[in-house]
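Enquirer: Below you'll find the structure I mean.
The values are calculated or read from the model by the stated rules, or taken from the named source; none is laboratory data. Just so we're clear, the structure is a prediction, and the values are computed from it rather than from any experiment. For neighbour counting, all protein chains shown are included, and Cβ atoms are generated from backbone atoms with ideal geometry for every residue, glycine included. Keep in mind that these areas ignore ligands, DNA and RNA; they rest on the heavy atoms of the full protein, side chains included. Shrake-Rupley method; radii C 1.70, N 1.55, O 1.52, S 1.80 Å.
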Amino acid sequence: MTSSCFVFVHLPDATAPVVCGRFAQRVTPAGLRVGEYTYGASYIRRADRVALDPISLPLGKGTFPPVTALGGVYGVLRDAGPDAWGRVVIERAQGARAPLPEIEYLLAAGDDRIGALAFGTSANHPMPARGHYRAIDLPALLDAAALVEDASASTPEVQRAAELLLQGVTMGGARPKAVVADQGAAWIAKFPARADRCNMAAVEAGLLRLAAECGMTVSHARTERVGGKPVLLVERFDRRRNAAGATTRARYLSALTILDADEMPSPAWSYPALAEQLRRRSAQPDADRRELFRRMVFNALVSNSDDHPRNHAMLCWREEAWLLSPLFDVVPGGHPASFERELALTVGRFGRSARRANLLSEAGTFGLAPTEADALITQMKGQVSARWEECFRQFGAIQSDLDAVRHALVPDAFEQQPPDMR
């Protein structure tokens, strides 16, 4: 069985997409999904054409080698599809009893997906755009997200709730969320989840503020009380307005795609490997590698073990000027202070251990001398220790929220030698 869709891209500074190719997928008798992509001949002839991924899908004629990873979808196309939460929403909206074919997820995700891609069943236009929700719609979206998260089946009520949430379902992660327009910008609204142990909206917004104070480029965030519950609003970094006031879109590649990795943890999940890719791909490789080092250190200092490859990305606004995206997703872990901390990606010579010695072990890969890296870690450790409580309080955290995450901030194990060094 073979299915296919047309792929569209918003070119630099453009406000409407153009068709750029065709993606087809077949299922083998053994049940293996195999995907193939071909650029359109008319697109290749365009003077303003751009590659969807300059490494994995460079401009050229003919069909690219088939892929079986990521459910048989090329990484750059999978980045434009829904993640865990988005898949649940789509399945509930369609009343699906089982996972859908991968192309169905791409088509159902709508026009306001992350990055600059779009998909359609016709070469003339992508799937129609849905209207933007506004901040005033947050109460209804919050209720719909709670209903979908709690549902075990797609009843008519759950389907209606899921349909409300289809806009922006490619924003990634498992946390309930939606996209709203407010103050002349687009925002990702992250709602409370059942498993929250405290006011996670205040904590995540506080961590983004703290990261900015530590010298990193971060997404703008704020919190709102909606129906008495805290909601985090993170401004989208893949959209901006041109001189005429129209919205343009950046192309997007997750670190999962950049590292040519799969969804399950593997040796490919690596900060040093990502730094090498930045050296190869970035328009400002030295600055981006140093920024990545800061983020790695920050994640270690706040025990963020959710720093998986989908929570790192590169953006491109013009031609092939790819740059590291702003920091956009950081949460503290919940282990006791003395518990061994590990990040999701390999840190250095001692694996994923979130300790100073391991952070320093591959400093040169990030373009830093050991003494420079050590001084930077010391400065950031002092900033996090001194400022985290105030940053969290600025967004509504109360004492019980601080107590719930206290052990995650600058954990006792940070200065200890990694186990392999003893």
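Enquirer: How large is ³J(HN,Hα), in whole Hz, for each residue of the range 33-42 in order, when computed from phi with the Karplus curve 6.51 cos²θ - 1.76 cosθ + 1.60 and θ = phi - 60°, using x for Gly and Pro?
Expert: These are the phi-based 3J(HN,Hα) values: 8, 10, x, 9, 10, 9, 6, x, 4, 5 Hz.
Enquirer: Could you give each residue of the range 258-266 its phi-based ³J(HN,Hα) in whole Hz, using Karplus coefficients 6.51, -1.76, 1.60 with θ = phi - 60°, and x for Gly or Pro?
Expert: For the range 258-266, the Karplus-derived couplings read 4, 7, 6, 10, 9, 5, 7, x, 7 Hz, x marking Gly and Pro.
Enquirer: Now for a separate question. Carbon and sulfur atoms: what percent of the 1.4 Å accessible area of the range 1-139 do they account for?
Expert: 55
Enquirer: Hey, what number do you get for the chain at 222 nm if only DSSP H runs of n ≥ 4 count, each worth -39500 (n - 2.57), divided across all residues, to the nearest 500?
Expert: Estimated from H runs of four or more residues: -9500 deg cm²/dmol.
Enquirer: Can you give me the long-range amide H partners of residue 218? Hydrogens built in the peptide plane at 1.01 Å from N, cutoff under 5 Å, separation of 5 or more residues or another chain.
Expert: 327
Enquirer: Mind pulling the angle between the C-alpha long axis of helix 370-393 and the longest principal axis of the chain? Nearest 10 degrees, somewhere in 0 to 90.
Expert: Between the helix axis and the principal axis of the chain, the angle is about 80 degrees.
Enquirer: Let me ask another. Give me the one-decimal nm value for the distance between modelled label points at residue 68 and residue 38, 7 Å along each residue's Cα-to-Cβ direction.
Expert: Label-label distance for residue 68 and residue 38, simple model: 2.3 nm.
Enquirer: Here is a further query. Find the centroid of the Cα atoms in the range 389-408 and in the range 128-187, then give the distance between the two in whole Å.
Expert: Using only Cα atoms, the two centres lie 27 Å from each other.
Enquirer: Cross-link candidates for residue 229: which lysines have Cα within less than 28 Å, leaving aside residues fewer than 8 places away along the same chain?
Expert: 177, 190
Enquirer: Given labels modelled 7 Å from the Cα in the Cβ direction, how far is it in nm from residue 276 to residue 318?
Expert: Result: 3.1 nm between the two label points.
Enquirer: Further, regarding this structure: Sorted from largest down, what three extents in whole angstroms do the Cα atoms of the range 39-103 have along their principal axes?
Expert: Projected onto its principal axes, the Cα set of the range 39-103 covers 43, 23, 17 Å.
Enquirer: If 61, 190 are ordered by their accessible area, calculated over protein heavy atoms with a 1.4 Å probe, which sequence runs from highest to lowest?
Expert: 61, 190
Enquirer: Hey, can you grab everything whose amide H is under 5 Å from the amide H of residue 114? Only 5+ residues off in sequence or another chain; H modelled, so Pro and N-termini drop out.
Expert: Those lying under 5 Å, H to H, from residue 114 are 170.
Enquirer: Could you give the nm distance between label points at residue 122 and residue 385, where each point is 7 Å from its Cα heading toward the beta carbon?
Expert: 6.4
Enquirer: Sort 259, 32 from largest to smallest accessible area, using a 1.4 Å probe on the heavy atoms of the protein chains.
Expert: The residues order as 32, 259, largest area first.
Enquirer: Quick one: ranking 56, 254 by accessible area, 1.4 Å probe, largest first, what do you get?
Expert: On the way: 56 60, 254 0 Å².
The ordering from most to least exposed comes out as 56, 254.
Enquirer: Hey, another quick one. Once phi is turned into ³J(HN,Hα) by the Karplus curve 6.51 cos²θ - 1.76 cosθ + 1.60 with θ = phi - 60°, what whole-Hz value does each residue of the range 115-120 show in order, with x for glycine and proline?
Expert: 3J(HN,Hα) across the range 115-120, in whole Hz: x, 10, 9, 8, 9, x.
Enquirer: Return, ordered by residue number, the residues of the range 351-377 whose backbone nitrogen is under 13 Å from a label point located 7 Å along Cα→Cβ of residue 417.
Expert: 357-358
Enquirer: Net charge near residue 289: determine it from the other residues with C-beta under 12 Å of the C-beta of residue 289, scoring Lys and Arg +1 and Asp and Glu -1.
Expert: Once positives and negatives cancel, what remains is +1.
Enquirer: Another question about this same structure. At 0.36 nm per residue, and after removing the present C-alpha to C-alpha distance, how many nm does the segment from residue 372 to residue 260 gain when stretched out fully?
Expert: Full extension from residue 372 to residue 260 adds 37.3 nm.
Enquirer: Please find, in a Gaussian network model of the chain (springs between Cα atoms separated by less than 10 Å), the residue of 304, 358, 242 whose mean-square fluctuation is greatest.
Expert: Residue with maximal mean-square fluctuation among 304, 358, 242: 242.
Enquirer: Turning to a different aspect of this structure: Please give the contour-minus-distance gain from residue 244 to residue 193: 0.36 nm per residue of separation, less the Cα-Cα distance, rounded to one decimal in nm.
Expert: Value of the extension gain: 14.5 nm.
Enquirer: What share of Cα pairs, in percent, lie more than 24 angstrom apart in the range 1-145?
Expert: Here the long-distance tail beyond 24 Å is 34 percent of all Cα pairs in the range 1-145.
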